[in-house]
Amino acid sequence: MDGSKAREMAQAADVDALVDGNGDASWQVDDSDYPPVPMSMEDFIRDSGDILLNLDADQFRTLRKRLVDVLWWQRLMIQGSTPRQQMSFSGSISNMAHEVTALLLASLEKNGITEEMLKEPTNG
């Protein structure tokens, strides 16, 4: 582990000591003390697993099933399919994509991620 990672872990432990206390100290910090700020692309990439997949067991089950369904439909739609088959494919994919998107939005909400936070910071 390099020095910057050790320093980051020590700082995180200090913040956790403030945030995770029992709440009766006057100096206690909570999420309302931090306004939403845009996150860098590097932060988004690093945290995306936690941000996008903070789901409960039923939601993960649904997500897994929908991803299997999407992959199944994608495999079936080969070159030369008829327009009717393509319409069926598009409608099915659209319905499944809607459900997957709803799960991702539920995870974002659970993590308190806002539209403003997902915008890339401006340099200026």
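The values are calculated or read from the model by the stated rules, or taken from the named source; none is laboratory data. Here the structure is a predicted model, which is why all the values come from computation and not from measurement. Please note: Cβ atoms are built from the backbone with ideal geometry, for glycine as well, and neighbour counts cover all protein chains shown.
Overview of values
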| quantity | calculated |
| --- | --- |
| Residue within the range 75-92 that is assigned to a loop (DSSP other than H, G, I, E, B), under 30 Å from E42 (Cβ atoms) and either not small (G, A, S) or not assigned by TED's automatic domain parsing to the domain that holds A57 (or both) present | no |
| Positions within the range 93-116 being assigned to a helix (DSSP H, G or I) and either farther than 23 Å from D56 by Cα or among the β-branched types (V, I, T) (or both), in sequence order | I93, S94, V100, T101, E116 |
| Close pairs from the range 43-54: first closer than 12 Å to L108 by Cβ and touching a residue at least 24 places away in the same chain (Cβ under 8 Å), partner of a type in the set (F, W, Y) and part of a helix (DSSP H, G or I), Cβ under 8 Å, at least 6 apart | I51/F44; L53/F60 |
| Residue among D31, D58, D24, D69 that is loosely packed, with under 10 Cβ neighbours inside 10 Å, of a type outside the set (G, A, S) and modelled with pLDDT of 80 or more | D58 |
